[in-house]
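Trainee: Please find one structure pasted underneath; my questions will follow.
The values are calculated or read from the model by the stated rules, or taken from the named source; none is laboratory data. What you see is a predicted model, and the numbers here were worked out from it, not measured in a lab. Please note: Cβ atoms are built from the backbone with ideal geometry, for glycine as well, and neighbour counts cover all protein chains shown.
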Amino acid sequence: MTDTHTEKVSDAVAKLYDTYPFPPEPILDEPPPGYNWRWNWLAAYNFCTGMKPQRQNIRILDAGCGSGVGTEYLVHLNPEAQVVGIDLSAGTLEVARERCRRSGANRVEFHQLSLFDVEQLPGEFDLINCVGVLHHTNNPIRGIQALAKKLAPGGIFHIFVYGELGRWEIQLMQKAISLLQGDKKGDYRDGVQVGRQIFNSLPEHNRILKREKERWSFENQRDENFADMYVHPQEIDYNIDTLFELIDASGLEFVGFSNPGFWNLDRLLSKAPELLERAQNLSERQLYRLIELLDPETSHYEFFLSRPPIDKADWTNDHSLLTAIPEVSTCMDGFPSQTIFNYDYKIVNLSDAEFTFMQACNGKSTVGEILLTMEFSLDGVRSLQQQQLIMLAPA
Ligand SMILES: C[S@@+](CC[C@H](N)C(=O)[O-])C[C@H]1O[C@@H](n2cnc3c(N)ncnc32)[C@H](O)[C@@H]1O
């Protein structure tokens, strides 16, 4: 793969996003609503290591930041962080700058820079976010390696790339549009128009149309989304095998998928305990492959990598747990009420004892000190920690 080829792809990608800055979320005069825990350093670090990080004055890189929707959250959700956003597309960066300016997200700087040239930025980053970008480059391995070099030891790296199984109909539609565009390929407005005409014409029970209606049509009302999905000049879709080739090439450690609920075989084979037992002989990767084969809905993979050395907590030790300082998670909604939304916006009903314990978490008292004042077990504390309702800072 030559550099000229990389440049050609980058130019085509930049042209797409100059035409259709993405994501097209409206710009607000206030911080964006709610939270995404993957962009909250405390919650993401806690997910990756089981404990609260020691520092919050960190550096964050949003690689391929697009119109700055994620970048804006990264600034607002991490009040001590300095954030850098890079992107190929000047048009998209203009929207990102305006978005952050309007909502007062001022601890951020933007650069028009390819992730292949990220070494030009000074220093290292504690958190790198790269959502929806690597699969739009012609050499994701080179891209992930360039970014991995900028990850500080003990840092974490959140990645989102497309999955081929759940995007099968999209791929077919992309190819169909491309055929009909002929030498107008690269004219993205024409591509959107051709795509819309196809969908308007396909018979009701057509598989590609059905999938579009079920899964994507709500967001695809906006041309920016439609173009990003169907007329992209560069896309590489992964399966578990190729995904782990990419991860292995990064030289970093795989921490886990950031949507772990999906990667649970029990939800598919709970009626066949004998098969669940057999599956215990599979490696972690084989298990993931089995899950995606049985539930081929994966249209993307989202996961965390880390750069060793990174400490991971072990709360099975009673002494460590008793001397840790608990805090209520920053990613939840409704607390202090006994019915809350957790980090993933799922409703959780806290028991009386859980609720009382969480109310006593003041960021100063240790678990041991709090337990002296109430009836609650160490296993109860462990369960709150595993549910990411509290964070624990080791002594
Ligand atoms: C689908 S958008 C994702 C935007 C943002 N990360 C988000 O998820 O909201 C992909 C973005 O990656 C940028 N991009 C693609 N290849 C790039 C590269 N080699 N270097 C930097 N940015 C790139 C595009 O310009 C585009 O803005």
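Trainee: Check off (1) touching a Phe, Trp or Tyr at 6+ places or on another chain (Cβ under 6 Å); (2) part of a helix (DSSP H, G or I) for Val255 and give me the number that stays unchecked.
Mentor: (2)
Trainee: Taking the criterion of being free of Cβ contacts under 8 Å to residues at least 40 places away in the same chain and hydroxyl-bearing (Ser, Thr, Tyr), would at least one residue in region 245-257 satisfy it?
Mentor: Within region 245-257, none of the residues are free of Cβ contacts under 8 Å to residues at least 40 places away in the same chain and hydroxyl-bearing (Ser, Thr, Tyr).
Trainee: Of all residues in region 226-244, which are of a type in the set (Phe, Trp, Tyr) and not in a helix (DSSP H, G or I)?
Mentor: Tyr238
Trainee: Residue under question is Asp266, and the condition is that it be farther than 21 Å from Pro23 by Cβ, of a type in the set (Asp, Glu) and not assigned by TED's automatic domain parsing to the domain that holds Asp18; does it hold?
Mentor: So Asp266 does not fit the description; no.
Trainee: Tell me which residues, restricted to region 353-393, are of a type in the set (Val, Ile, Thr) and within 22 Å of Gly261 (Cβ to Cβ).
Mentor: Ile390
Trainee: Further, regarding this structure: Could you say whether any residue in region 112-124 is more than 13 Å from the ligand (Cβ to nearest atom) and crowded, with 22+ Cβ neighbours inside 10 Å?
Mentor: Looking through region 112-124, none of the residues is more than 13 Å from the ligand (Cβ to nearest atom) and crowded, with 22+ Cβ neighbours inside 10 Å.
Trainee: Okay, moving on. For region 356-395, which positions are assigned to a helix (DSSP H, G or I) and either among the basic types (Lys, Arg) or in contact with a Lys or Arg (Cβ under 8 Å, 6 or more places away or on another chain) (or both)?
Mentor: Selection gives Arg382 alone.
Trainee: When the residues of region 199-244 are narrowed to those that are under 23 Å from the mean Cα position of the chain (by Cα) and small (Gly, Ala, Ser), which ends up farthest from Tyr288 (Cα to Cα)?
Mentor: Across region 199-244, the extreme among qualifying residues is Ala227.
Trainee: Taking the residues in region 61-104 that are of a type in the set (Asp, Glu) and within 12 Å of the ligand (Cβ to nearest atom) as candidates, determine which candidate is nearest to the chain's Cα centre (by Cα).
Mentor: Among those residues, the one meeting the criterion is Asp62.
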